[in-house]
Structures are given as C-alpha cells and as structure tokens.
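Shown next, in structure tokens, is the structure this report addresses.
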Ligand SMILES: [Zn+2]
C-alpha cells in the first residue's frame, strides 16, 4: 500500500482514495454480439493486457445510433466483427495498467476512452484529418464489467474526467466531441443564423453548442417533444416540419430580409425532402454555398 498523502492527477485533482480501488477478478459478465439481433450475456475472461494497455472497470456505458444499427445488422465492417463484446461509449476507472503505460495515469482515475484512435502517420493524419485515417483503430467492449483500452487509444484518446462531471455526462463525450468538431469546422460567427435539421441527441447538442456561441438557431423536427427541448436549450425558433406546409419559406421568413440561414446542420439521420428543400432554397439566393453555407451530416 502507498502512503496516505494525496497525489495529484493530470488535472491537478486529488487522486481517488485507495479504498475505491478494486481487485480485478479473472472472469466477468459481458454482452457479446454474435450477429444480427443476437446479443448474449455471457461469463468470459477479463481481458489480458499488453504492456501499453489499460484496463477500465466500466462505470457506465451508453447505446448510440451506431450501436443500434450494428445490432440490427450484426456487424460493422470496420468497427466490430462478431463474436465480440459490444458497446463503445464508456466512462470507467483505471484498475490495471501495463508496464509501459504513461506514468501520468494512476489507478482509480476516472476516465473516458474514445472508441478509436488515428495512426498519426498516414496521408490524412498528416493533414490533420484524423477522422479519415487509413488505419483507424477501433475498440469495443464497453458492455462488460471490465474493458481493455488498446495502447494507441490510451495514448491518444483517453481523458481524465473532472470530479464535477458525473458519469452520465462523461459518457456522452464522444458524440459531444463530434458536435464540437462540426461547430469548429463551420466557423460560425456571433449573430449568424443556423438551421439545425433533426432534434435527436446530436441535433440538440448542436442547438446548445451553437446558441452558447451566440448563434441564432432555427430547429426543425417532426415531433413536438424534442422541439420543446430545443427551445429550452436556446433555439430562437422551432418548427414542426409535419405541420408546416412551406418549411423553407418559414425558415426564410425568420431570417434577415428573407435571405435564409448562414449555415445548415443536417442531424436528421435520414435523408429527407425537408433537408433538400432548405438547402436548395438557400443556395438559390445567389450565395456561394462553399463560403456561406455548410451542411454537416452527423
Ligand atoms: Zn492515419
């Protein structure tokens, strides 16, 4: 046992108390994906670690739209090949580490680990487009008591969770990071008007992050409940597209001189006529779409 004097973690926070550390068993309960809609709860070995790998005790794991699609399809060409432990949005605490893991990491530290990490060597990585990496490494296994984090992810995409952030919020880091990257790429300016199409979790994150930056958001969705949430999160207007005959006209009427929005976020998950309508209406006003309008598929 180490001394009782508190150590500081990466963020300058006190390390978790020793009594919170756990003894790792050899077996664990896990949800293993075998194929289309075939997920089985099984007892399997706790993963063994390579010298640069980290073992998390899973505190919370979420299910996202990709998980749902993979569960229905039974596999994902790049992300997961069955049989494999399912799940990737996770917050956990470090309970074991290989000998060559960066010494800044300590047992008991609460972390989030992304489900992928770029190679940092290929053409796209060298251009700062890590999302297009030719050799993106994926990791699954969050639906289990313990989860192995590969060395590359532990080095590049594992983050300590500050004490003030609860597990439920921390586990949402991965989709939130996608949203923040999208907002960054949009280069929005204070006072801009942006249309967010779709008010699922990702669309609503866009609403919140854009309004925080002083962007005037017009939210579009098919159901009233998510539109009410969009209003609560700061949307200047929320339009139910099933109750509005001329969606593009309604959007234009809400913009200066009817010129349309400065940018459009497509977060509807499915292609829809409304998406095309708004974007086409906007483009037809004579703007250079490459400069004045950007649409993101999420
Ligand atoms: Zn790469």
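Pairing each residue of the stretch 106-123 that is over 20 Å from residue 165 (Cβ atoms) and touching a residue at least 40 places away in the same chain (Cβ under 8 Å) with any residue that is within 15 Å of the ligand (Cβ to nearest atom) and part of a helix (DSSP H, G or I), provided the two are 6+ apart or on different chains, yields C-beta distances under 8 Å for 116/153; 117/152; 117/153; 117/155; 117/156.
Just one of the listed residues (101, 111) is under 22 Å from residue 85 (Cβ atoms), in contact with a helix residue (DSSP H, G or I) (Cβ under 7 Å, 6 or more places away or on another chain) and not in a helix (DSSP H, G or I), namely 101. Can you find a residue in the stretch 199-213 that is outside any helix (DSSP H, G or I) and either surrounded by 18 or more Cβ atoms within 10 Å (Cβ to Cβ) or touching a strand residue (DSSP E or B) at 6+ places or on another chain (Cβ under 6 Å) (or both)? Yes, the stretch 199-213 contains at least one residue that is outside any helix (DSSP H, G or I) and either surrounded by 18 or more Cβ atoms within 10 Å (Cβ to Cβ) or touching a strand residue (DSSP E or B) at 6+ places or on another chain (Cβ under 6 Å) (or both). Let me spell it out: the conditions are (1) in contact with a strand residue (DSSP E or B) (Cβ under 8 Å, 6 or more places away or on another chain); (2) under 27 Å from residue 165 (Cβ atoms); (3) surrounded by 17 or more Cβ atoms within 10 Å (Cβ to Cβ), and residue 80 meets all of them except one. Which number is the exception? Single failed check for residue 80: (2).
Kindly list the number of the only condition in (1) assigned to a loop (DSSP other than H, G, I, E, B); (2) more than 22 Å from residue 25 (Cα to Cα); (3) in contact with a helix residue (DSSP H, G or I) (Cβ under 7 Å, 6 or more places away or on another chain) that fails for residue 87. Here residue 87 meets the rest and fails (2). Go through (1) within 24 Å of residue 28 (Cα to Cα); (2) under 16 Å from the mean Cα position of the chain (by Cα); (3) assigned to a strand (DSSP E or B) and name the single condition residue 159 misses. With respect to (1) within 24 Å of residue 28 (Cα to Cα); (2) under 16 Å from the mean Cα position of the chain (by Cα); (3) assigned to a strand (DSSP E or B), residue 159 is out only on (1).
Just checking, does the stretch 162-171 include any residue being in contact with a strand residue (DSSP E or B) (Cβ under 9 Å, 6 or more places away or on another chain), at pLDDT 95 or above, more than 11 Å from the ligand (Cβ to nearest atom) and within 19 Å of residue 79 (Cα to Cα)? So far as the stretch 162-171 goes, no, none of its residues is in contact with a strand residue (DSSP E or B) (Cβ under 9 Å, 6 or more places away or on another chain), at pLDDT 95 or above, more than 11 Å from the ligand (Cβ to nearest atom) and within 19 Å of residue 79 (Cα to Cα). There is at least one residue in the stretch 99-116 that is within 13 Å of the ligand (Cβ to nearest atom) and at pLDDT below 95.
For the stretch 164-180, the tally of residues that are without any contact (Cβ under 8 Å) to a residue 40 or more places away in the chain and in a loop (DSSP other than H, G, I, E, B) stands at 3. Among the residues of the stretch 122-135, how many are more than 7 Å from the ligand (Cβ to nearest atom) and under 29 Å from residue 68 (Cα atoms)? Final tally of qualifying residues: 3.
The values are calculated or read from the model by the stated rules, or taken from the named source; none is laboratory data. The shown structure was predicted, so the numbers you read here are calculated from the model rather than taken from an experiment. As a convention, Cβ positions derive from the backbone with ideal geometry for all residues, glycine included, and neighbour counts pool all protein chains shown.
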